Amino acid sequence: MCGIVGLFAPGRDAARLAYFGLYALQHRGQESAGIAAGDGGTLRSHKEMGLLGAIFDEEILAQLSGYLAVGHTRYSTTGSSVVVNAQPLLERTDIGEFAVAHNGNLTNTDELRASLPAGTIMQASSDTEVLAKLIVEGSGTMIERIDAAMQKARGAYSIVLCSESELFAFRDPWGVRPLCLGTFDDGGYVVASESCALATVGARYLREIEAGEVVHVTRDGLTSHHVHVRDEFPALCMFEYIYFARPDSKLDNRSIYMARHEMGRCLAREHPVEADCVMAVPDSAVPGGIGYATESGLPYIEGLIKNRYIGRTFISPDQSMRSRGVHLKFNPVVENLRGQRVVVVDDSIVRGTTTPRIVALLREAGAREVHLRITSPPILHPCYLGVDMASYDELIAANYSVDEICAKTGADSLGYLSLDGLIASTGRKREEMCLGCLTGVYPTEPAVHERGPHALTRS
């Protein structure tokens, strides 16, 4: 999961807009960030490890002049967390230079790498570079090269690409990772992972870029077409609704906030409990917590205050950072918790390392009972399509029953939202979503060497 933006905005400072667009998407990755900008003749790029605010300043942005830009904020799923894997990647072809930024995870990277000509120089270790090299080694126009690469690539990819003078955006034929399109009232276009980035830069949301769609923006305007592959069907990642997307974003004009609020209401109907109050683990579970309180009639309280300068524990790149992070991240509001029977709403339990520490914090603050309610079903399977869900051995729900997980967390009770309740809360159809981490059924097969012990086939 990463955040990407692309802009074609004549008369505007595209790199500066990309910077603020990425700021709105910083929650999608905190390991590295970069921006490449074009002025019609030259591409310039800057990228480093760290957060946007520590990477870019006025002097650096002034060097990235031009009316088009692509930007990226990274959370690594393939390729180590080092600067050579930071994006955008710059490549040179016989038809000119291009910069590319990618959100997703290819499932046939090794096969694609083996198909490249002998002697192809690889500087990074990510699947993004492999896809970029396919475009470099292609033939014809940039559109023809992109189309050919999409015919070969399997897995999840939402991509923005700019040449010295044109902007391209394309999305895998399953539509696993989100990508939306916006426009400025006085002309120009913006592409971003989430609609919240459009609002930040003053653009108006138009629509989602469709699965398999290729968008091409030039001074003559915007054109698009679709690339079709074998076994394609819509499969947007359900975790965008559960956790990843900002609550003020929308997907296909559906509010993320309202979907999470409905998850909480449904959870209260499925798993009621005698309690005094409801709280949520900030931030992504807050709409669900409010929904639970609304449906149950219990008062909603703030039980934990989040230090907003500490990154998300789930997205931290290694387990040692996750273990330390929860102690830095939350402080309990003792006055709201002392002597209370508390319903604690959270969005998911993945490895089960953070939740016991949260329960312990609440008990230390004086909570009399702690009842965990989770706005997703148990996560039983890894993700091969751009989410660091870990292996089967690390996924707590793949190895323990609900009662056993409850005991391990130290909670008085534990209830998960049902799969049917989750799907209904989004307002979408089951067949439109990727539910691989919940069901083991994936839209596209992972490479054999990446498969776990479970059979991963589409029913």
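We did not get these values from a lab; they are worked out from the coordinates using the rules stated. Just so it is clear, the structure is predicted and the values come from calculations on it, not from any experiment. Because the Cβ atoms are built from the backbone with ideal geometry, glycine has one as well, and the counts that use them run over all protein chains shown.
Every helix of 4 or more DSSP H residues in the chain counts as -39500 (n - 2.57), and over all residues that averages to -7500 deg cm²/dmol at 222 nm.
Is the shape of the range 1-142 best called rounded, prolate or oblate, per the rule: a/c under 1.5 gives rounded, else a/b larger than b/c gives prolate, else oblate, with a ≥ b ≥ c the square roots of the Cα gyration tensor eigenvalues? Note, shape of the range 1-142 comes out oblate.
Highest-first packing order for the peptide set 288-300, 16-28 is 16-28, 288-300, based on the mean count of other beta carbon atoms within 10 Å. Residues whose amide H falls under 5 Å from that of VAL333, counting only those 5 or more places apart or on a different chain, are LEU304, ILE305, with hydrogens built in the peptide plane. Using a cut-off of 28 Å between Cα atoms, the listed pairs LYS250/LYS306; LYS250/LYS408; LYS306/LYS408 include LYS250/LYS408 as exceeding that distance. What is the chain's relative contact order, in percent, from Cα pairs under 8 angstrom and six or more apart in sequence? About 13 percent, as a whole number. For the chain, the antiparallel share of DSSP beta bridges with both residues in that region comes to about 80%. Axis of helix 319-329 versus longest Cα principal axis of the chain: the two differ by about 60°, to the nearest ten degrees.
Matching the structure-derived semi-axes √(5λ) of the Cα gyration tensor in Å against the labelled list [x] 38, 27, 19; [y] 39, 23, 20; [z] 33, 29, 20 gives the label [y]. Could you compute the net charge surrounding VAL273? Neighbours are other residues with a C-beta less than 14 Å from the C-beta of VAL273; K and R count +1, D and E count -1. Summing Lys and Arg as +1 and Asp and Glu as -1 gives -2. If you take all other residues with their beta carbon under 13 Å from the beta carbon of ALA54, and give Lys and Arg +1 and Asp and Glu -1, the sum is -2.
Within the same chain, lysines fewer than 8 places from LYS133 are excluded, and of the rest, those with a Cα less than 19 Å from its Cα are LYS152.
In whole angstrom, how far apart do the alpha carbon centroids of the range 79-157 and the range 204-259 sit? Each part's Cα centre sits 21 Å from the other's.
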